[in-house]
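Right, one structure below, let's go through it.
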Amino acid sequence: MIRFTRRRLIFVGVAGAVAAAAVSLAPSLLNNKPIRSGALLDAHANLLRVVTLALLGSALPADPPARAAEIARTKTAIAALIDNLPPTTRKEIGDLFMLLSIKPARALLGYSGDWLEADAPKVAQFLYDLRDSRIGMKQQAYFALHDLVFGSFYAQPQSWSGTGYPGPPKLA
């Protein structure tokens with residue numbers, strides 16, 4: 001009879017979660033077709049919504065309908081950004097979204113909640129923990145999400161008034 005010590009039980013649990021994540025990711029990793037942003041963002045809409053809320057926070061309007069419209073506008077800008085990236089970068093973004101959609105893999109990264117019912121402050125803490133991690137892959141995940149959201153939000157002229165940015169100089 002195998003005796004399960006606490007250390008062995010933890011090892012088996014972590015190994016099982018990694019194996020489950022690898023099996024779930026295998027079809028995505030073997031698929032070499034270019035990823036299109038529409039399907040990617042539709043499949044991960046809840047993830048993107050709560051990450052946008054967590055990262056932009058007070059930069060978004062307080063009024064719920066205006067906030068929802070701003071998140072939708074940012075999602076459209078993210079889609080345009082992703083479609084203009086090289087296929088390998090699009091695939092990496094797709095792999096990141098896929099990894100974050102798998103609960104055991106997400107739990108290993110530090111967030112075990114669901115995206116649908118996610119609390120923006122808890123997700124913000126999760127993201128900042130990724131950013132401050134000593135593990136480079138976690139930092140890369142944070143900066144990929146950060147750059148997608150912030151770059152898409154602040155690239156739009158509608159976002160400039162809140163920062164006092166008058167826009168690029170006009171050429172005579």
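Straight-line cross-link reach from residue 75 at under 25 Å between alpha-carbon atoms covers these lysines, not counting any fewer than eight positions away in the same chain: 33, 91, 103, 122, 138.
Just so you know, the Cα atoms of the stretch 34-158 work out to an Rg and Dmax of 13.8, 39 Å.
Other residues with beta-carbon under 9 Å from the beta-carbon of residue 158 carry, at +1 per Lys or Arg and -1 per Asp or Glu, a net charge of 0. Looking at the stretch 60-144, the GluC sites (Glu not before Pro) that sit in a DSSP loop and have at most 10 other Cβ atoms within 10 Å of their own Cβ are 117. Between residue 116 and residue 66, the simple spin-label model (points 7 angstrom out along Cα→Cβ) gives 3.1 nm.
None of the figures in this text is laboratory data; all of them are computed from the coordinates on show. Remember, predicted model here, so these are calculated numbers, not experimental data. All Cβ positions, even for glycine, are placed from backbone atoms using ideal geometry, and neighbour counts span all protein chains on display.
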